[in-house]
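The values are calculated or read from the model by the stated rules, or taken from the named source; none is laboratory data. Computed from a predicted model, the values in this text were never measured in an experiment. We place every Cβ from the backbone using ideal geometry, glycine too, and count neighbours over all the protein chains shown. These accessible areas exclude ligands, DNA and RNA; they are computed on the full protein's heavy atoms, side chains included. Shrake-Rupley method; radii C 1.70, N 1.55, O 1.52, S 1.80 Å.
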Amino acid sequence: MTNIKRGPQRPLLDLSKAETQLLDQLYRVDGAWTIEEALAAFGEEKLAQLLRVEALGITHTEMGEMLLLLSHGRIMAFGISSAAVSLHRQLNRAYFRLCLTELDWHIPQPSEATRHLEQFDPSKQFREVITQYGHALVVGKLTGNGYSTKHMIRLAQRLRSTALSENFFVIVLTPNQRKGQAHAVQHEAFFKVITVLPQTSNTFLLTPFVQDIPELLTPPGPYLSGEAWKRDPQYLVLPRIIQDVLQCSRDERIEQAMLSLECDGAMSTAQLNSFYALTPEDLHNIYRRETLLRTSPSQRTSETRVEFLTLSKRLSRLDDHRLAHRCGTGRMRHLMDIAPNTEVWKAEHRGALRYEEPDAVIFEQDGAERGIEFDNGTYIMSVVGKKISTFQDRGFTEIIWGVSNPLRRRNLMREISDHLQREILLAEWWK
């Protein structure tokens, strides 16, 4: 994938009426496009231009690389960038559309008969679809590894009586092979959970997934030396552990960065540069993935291009928001001046956490444990309260909270500061 530098001003490309209509189709109907769909719509030259000015952005999903309309593209197409649909919603819309194509199902066309099943779904989540099981109410979700089993059960319970009396199926499409399957077997008379994960063909602007580049691009000596840096505010604000690392040789910094990757699970290229004065090319046998996401999900203009680094192939294939969560948790460890020692700091690397499981735990020498929670801004206050209550019940000697957004930090400090022994950490992991 081509690395795109964000300049101070990005030009507005001249779009024909047909091109504007294509962007409108992408945003309002399709959600996201595969590389092949984008090439078919715009051709290679125009698509490259749209990517270069960041009207479109490439993001990684379990399906492969997908193209989204970004805030700059919304300005070009609609004249405004606000009131944006969430990137996750756009990806889920694309997932649903591609699933129907793969399954050879379709939404009834105006010329086809319909059973008006959508009237039975007040939530407006489901679409009536013509399937091999007849007309059915179908819903699908890609992000977050699909719907949770609890959510699927709620969907089934809500529509059970209507589906049985009106004789139609309720179908959930998911990329996960296990979630909801047992419940679907128990209620096979009306409820189905179908595992489907369309795979895109990525043939345009994509770099190899795994890179192992032996060239030494960073000078071998210490990044910080002498006394001058000790008077520079840029370095004085860094955690002491990072100040020490930056005074080490390149080889020692590489060793520390690799230990951090092993401990935290993931790191952004930006943090590798700012905390270790290294580039990804300095590291061997790592997994790199460049993608686009909203670093603060509640801020719809925070679309940022980031590159994730991992040592694990399994982690490298996770959803963007999960990798971001691990990067945020790792950033908290750095800010707290804790060395990458897995006997002291244990990060949780599972796909989905229960309420009683924090993102990481600090194990003290006296046997005490401190719970670490990274909050990217999507938790509603009832969830925040439940997590804190659960952590307290577990007997953690301290709960340490971190966020990715200054406004979120201020708001949460007013709400939960009585339950914390220190200020909420600002973990801007992408910087």
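Among the residues that make up segment 146-153, is at least one of them touching a Phe, Trp or Tyr at 6+ places or on another chain (Cβ under 7 Å) and either within 30 Å of Leu293 (Cα to Cα) or open to solvent by 30 Å² or more (accessible area, probe 1.4 Å) (or both)? Working first, answer last.
Narrowing segment 146-153 to residues touching a Phe, Trp or Tyr at 6+ places or on another chain (Cβ under 7 Å): none.
No, there is no match, as no residue in segment 146-153 is touching a Phe, Trp or Tyr at 6+ places or on another chain (Cβ under 7 Å) and either within 30 Å of Leu293 (Cα to Cα) or open to solvent by 30 Å² or more (accessible area, probe 1.4 Å) (or both).
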> Which numbered condition trips up Asp337, out of (1) part of a loop (DSSP other than H, G, I, E, B); (2) open to solvent by less than 60 Å² (accessible area, probe 1.4 Å)?
Replying inline: (2)
> Does segment 413-431 hold any residues that are more than 16 Å from Gln271 (Cα to Cα), among the acidic types (Asp, Glu) and in contact (Cβ under 8 Å) with a residue 24 or more places away in the chain, and which are they?
Replying inline: Glu415
>> Considering only residues that are at pLDDT 90 or above, in a loop (DSSP other than H, G, I, E, B) and open to solvent by less than 40 Å² (accessible area, probe 1.4 Å), which ones fall in segment 369-403?
In response: Phe396
> Just wondering, is there one or more residues in segment 52-70 that are of a type outside the set (Gly, Ala, Ser), farther than 15 Å from Pro198 by Cα, open to solvent by 40 Å² or more (accessible area, probe 1.4 Å) and at pLDDT below 90?
Replying inline: yes
> When only residues in segment 94-108 that are without any contact (Cβ under 8 Å) to a residue 60 or more places away in the chain and open to solvent by 60 Å² or more (accessible area, probe 1.4 Å) count, which is farthest from Ile130 (Cα to Cα)?
Replying inline: Asp104
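Residues are listed down the side, and each one gets a yes or a no for (1) open to solvent by less than 30 Å² (accessible area, probe 1.4 Å); (2) modelled with pLDDT of 95 or more; (3) over 17 Å from the mean Cα position of the chain (by Cα):
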| residue | (1), (2), (3) |
| --- | --- |
| Asp282 | yes, no, yes |
| Tyr287 | no, no, no |
| Arg300 | no, no, no |
| His321 | no, no, no |
| Val344 | no, no, yes |
| Ala347 | yes, no, yes |
| Gly351 | no, no, no |
| Ala360 | yes, no, yes |
> Assuming Met66 fulfils every condition listed in (1) part of a helix (DSSP H, G or I); (2) in contact with a Leu (Cβ under 7 Å, 6 or more places away or on another chain) apart from one, which condition is it?
Replying inline: (1)
> How many residues does segment 193-242 contain that are modelled with pLDDT under 80 and open to solvent by less than 90 Å² (accessible area, probe 1.4 Å)?
Replying inline: 14
> From the residues in segment 114-136 that are in a loop (DSSP other than H, G, I, E, B) and basic (Lys, Arg), which one is surrounded by the most Cβ atoms within 10 Å (Cβ to Cβ)?
Replying inline: Arg115
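Counting only residues that are of a type in the set (Gly, Ala, Ser) and more than 29 Å from the chain's Cα centre (by Cα), how many does segment 136-172 have? I'd like the intermediate steps shown before the answer.
Keep residues of segment 136-172 that are of a type in the set (Gly, Ala, Ser), which gives 136, 140, 144, 146, 148, 156, 161, 163, 165.
Adding the requirement that they be more than 29 Å from the chain's Cα centre (by Cα) leaves 136, 161, 163, 165.
Adding up the residues that qualify gives 4.
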>> Please go through segment 35-51 and give me each residue that is over 24 Å from Gly79 (Cβ atoms) and open to solvent by less than 10 Å² (accessible area, probe 1.4 Å), ordered by number.
In response: Ile35
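Out of all the residues in segment 137-172, which are aliphatic (A, V, I, L, M) and outside any strand (DSSP E or B)? Give the steps one after another, and end with the answer.
Restricting attention to segment 137-172, the residues satisfying the condition of being aliphatic (A, V, I, L, M) are 137-139, 142, 152-153, 155-156, 159, 163-164, 170-172.
Matches in segment 137-172: Leu142, Met152, Ile153, Leu155, Ala156, Leu159, Ala163, Leu164.
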> So Ser111 fits all but one of (1) hydroxyl-bearing (Ser, Thr, Tyr); (2) touching a residue at least 12 places away in the same chain (Cβ under 8 Å); (3) open to solvent by 20 Å² or more (accessible area, probe 1.4 Å); what number is the exception?
Replying inline: (2)
